[in-house]
Amino acid sequence: RSDHAGGPRESLASVRRSSQRDLKGFKQLFHRFLQVKGPSVDWAKINRPPEDSIQPYERIRSRALPEGVASSLNKLAVVKLNGGLGTSMGCKGPKSLISVRSENTFLDLTVQQIEHLNKTYNADVPLVLMNSFNTDEDTKKILQKYTHHRVKIYTFNQSRYPRINKESLLPVATSMGLTGENSEAWYPPGHGDIYASFHNSGLLEQLLAQGKEYIFVSNIDNLGATVDLHILNHLVSQPAETRCEFVMEVTDKTRADVKGGTLIEYEGKLRLLEIAQVPKAHVDEFKSVTKFKIFNTNNLWISLPAIKRLHKQNAMDLEIIVNPKTLNGGLNVIQLETAVGAAIKSFDNALGINVPRSRFLPVKTSSDLLLVMSNLYRLEAGSLTMSEKREFPTTPHVKLGSSFTKVQDFLRRFESIPDMLELDHLTVSGDVTFGKQVALKGTVIIIANHGDRIDIPAGAMLENKIVSGNLRILDH
């Protein structure tokens, strides 16, 4: 572990050191924030990326893998962004500790995937978790259960920055504490913070010393983000002088993805454009599926020596995302954030790879959870793949109403997860429960109006049905 503290005195000193470092980093970000006025892009200068800057995955996959895959794997470390809490799904603690499939959490699946890789190829790919002050303690407690797994696990912490009052632009914190009136005064400043935090933790140097050349970074809740040997091979097989320092996996936009960041060419560089940077008048254009056809999956492959070089030169110019929040007491604050993918413009020979949708399987809501728990996917060595029994490769569109938002409510409403192999679309609203072994096919819409309740009976098969009104089945 890179981050164990010594005795109490040393740990106090290290806390002080990291607080000073955080405040120094915040100061730089805040100064940049004060200098930038208006949207950070000039819409007229935006161009579609040149043809060769986004390669189809098929082209990269078509090259045969060489014999020495293990030696390429030994140049890789996997970094998972693990700073988020499970609050949006009604869970306490880190999101990565929510069970997603047969009692396995996001973290379990990640460890299984990498362990499988290490065993299969006799390799040594470590797992690195970027925690936040919200998730660090709980995550470290749970890591003990992986001590006998064939994966080295390292952790480091992203920064802790002060939220600022929207009007006065002053920090709302009254002390460095995290409790009481200061419990909402601090925030982790987005995943763009990875570069500085990774460097400051000493882990970057440690991995370079171990001969690691690339990191594969992804969100821990994206179950499709597994190590892809073809992309890794593409990176390590290039001549040193034209070596690609940054790969962003992108995938085709559907109507569900209109808010995702997209790749553009801007002032001769490949650049990530996020919805927050778009001038109001152009937001609809940004959301269109025709002009911007792809979006960033946040699966990124980044050169470690390049991170070191750019950090030294202070050359990572990450656009600032201003995120407005309202605290529990009603106070309006802003938090300044950056995104990891925004650094793409600072790296040499950066490339987008248009990957299949299967590499983007995020679990943000209980609707997503229903999909990944169902028979649409099969679980093998920590990886989820679409069942070959599914006739078409697209996932069904699932919208579960507010009664299903919290994971515990969701689990209570399904006695078992329905058969969804032939489902296209499911909408459920109101007080609805599902008995055991229900099958859903085609388009199914179930709406219980206020005060009504619908119990879908065990063994029911609903194909292209709309169910509404009141249906209570009581044991006799």
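Taking the longest Cα principal axis of the chain as reference, the axis of helix 106-121 is set at about 70 degrees. Couplings 3J(HN,Hα) for the stretch 266-277, derived from phi with the Karplus relation 6.51 cos²θ - 1.76 cosθ + 1.60 (θ = phi - 60°), are 9, 6, x, 10, 6, 9, 8, 10, 9, 4, 5, 8 Hz, where x marks Gly and Pro. In percent, rounded to a whole number, the relative contact order of the stretch 160-318 is 25, using alpha-carbon pairs under 8 Å and six or more apart. If a/c stays under 1.5 just call it rounded; otherwise compare a/b with b/c (prolate if a/b is bigger, oblate if not). Do that for the stretch 91-165, with a ≥ b ≥ c from the square roots of the Cα gyration tensor eigenvalues. Taking the square roots of the gyration eigenvalues as a ≥ b ≥ c, the stretch 91-165 is prolate.
For the stretch 373-404, run through the GluC sites (Glu not before Pro) and keep only the ones in DSSP coil with at most 13 other Cβ atoms within 10 Å of their Cβ.
Details: sites: Glu380, Glu388, Glu391; in loops: Glu388, Glu391.
When the GluC sites (Glu not before Pro) of the stretch 373-404 are filtered for loop state and at most 13 Cβ neighbours within 10 Å, Glu388, Glu391 remain.
For the stretch 8-156, rounded, prolate or oblate, judged on the Cα gyration tensor with a ≥ b ≥ c (square roots of eigenvalues), a/c < 1.5 rounded, else prolate if a/b > b/c? Taking the square roots of the gyration eigenvalues as a ≥ b ≥ c, the stretch 8-156 is oblate. Within the set (i) 20, 50, 28, 2; (ii) 21, 55, 23, 1; (iii) 21, 51, 24, 3, 0, the number that P(r) over Cα pairs in 20 Å bins from 0, in percent takes when calculated for this structure is listed as (ii). Legend: calculated FRET efficiency, Asp284 to Ser175, from the Cβ-Cβ distance at R0 = 41 Å, rounded to 0.05, equals 0.35.
For a test of the definition: using alpha carbon positions, the gyration tensor, and the 1.5 limit on a/c, classify the stretch 208-271 as rounded, prolate or oblate. The shape class here is oblate. Electrostatic bookkeeping for Leu331 treats Lys and Arg as +1 and Asp and Glu as -1; over the other residues with beta carbon under 13 Å from its beta carbon, the sum is 0.
Among beta bridges identified by DSSP and lying wholly in the chain, the antiparallel ones come to about 45 percent.
Remark: the stretch 382-421 carries 58 Å² of accessible area per residue (probe radius 1.4 Å; ligands, DNA and RNA excluded). For Thr155, the amide hydrogen comes within under 5 Å of the amide hydrogens of Ser2, Asp3, Leu129, counting only partners 5 or more places away or on other chains and with H modelled in the peptide plane.
Relative to the compact globular guide of 2.2 N^0.38 Å, what is the alpha carbon radius of gyration of the stretch 31-85, as a ratio? Relative to the 2.2 N^0.38 Å estimate, the stretch 31-85 comes out at 1.99.
What whole-number distance in Å separates the alpha-carbon centres of the stretch 20-94 and the stretch 186-258? Measuring centre to centre over Cα atoms gives 7 Å.
Using the 1.4 Å probe convention, the accessible area of the stretch 28-70 works out to 72 Å² per residue with neighbouring protein chains retained.
Mean sequence separation of contacting Cα pairs (under 8 Å, at least six apart), scaled by the length of the stretch 56-205, corresponds to a relative contact order of 20 percent.
Only DSSP H runs of four or more residues enter the estimate; each adds -39500 (n - 2.57), and after division by the residues of the chain the mean residue ellipticity at 222 nm equals -7000 deg cm²/dmol.
Using a probe of 1.4 angstrom and keeping all protein chains present, the accessible surface of the stretch 299-378 works out to 37 square angstrom per residue. Surface calculation, 1.4 Å probe, protein heavy atoms: Ser62 sits at approximately 90 Å² accessible. The alpha-carbon of Lys291 sits under 19 angstrom from the alpha-carbons of these aspartates and glutamates, leaving out residues fewer than 8 places away in its chain: Asp42, Glu51, Asp52, Glu249, Asp252, Asp257, Glu265, Glu267, Glu274. In this structure, the pairs whose alpha-carbon distance is over 27 Å, taken from Lys152/Lys406; Lys140/Lys212; Lys24/Lys308; Lys253/Lys399; Lys312/Lys345; Lys287/Lys465, are Lys152/Lys406; Lys287/Lys465. Counting only protein heavy atoms and using a 1.4 Å probe, the accessible area of Met316 comes to about 40 Å².
The heavy atoms of Ile142 present about 60 square angstrom of accessible area, all protein chains included, probe 1.4 Å.
The values are calculated or read from the model by the stated rules, or taken from the named source; none is laboratory data. Since we're looking at a predicted model, the values are computed, not measured. Methodologically, a virtual Cβ is constructed for each residue, glycine included, from the backbone with ideal geometry; neighbour enumeration extends over all protein chains shown. These area figures cover heavy atoms from the full protein model, side chains too; ligands, DNA and RNA do not enter into them. Shrake-Rupley method; radii C 1.70, N 1.55, O 1.52, S 1.80 Å.
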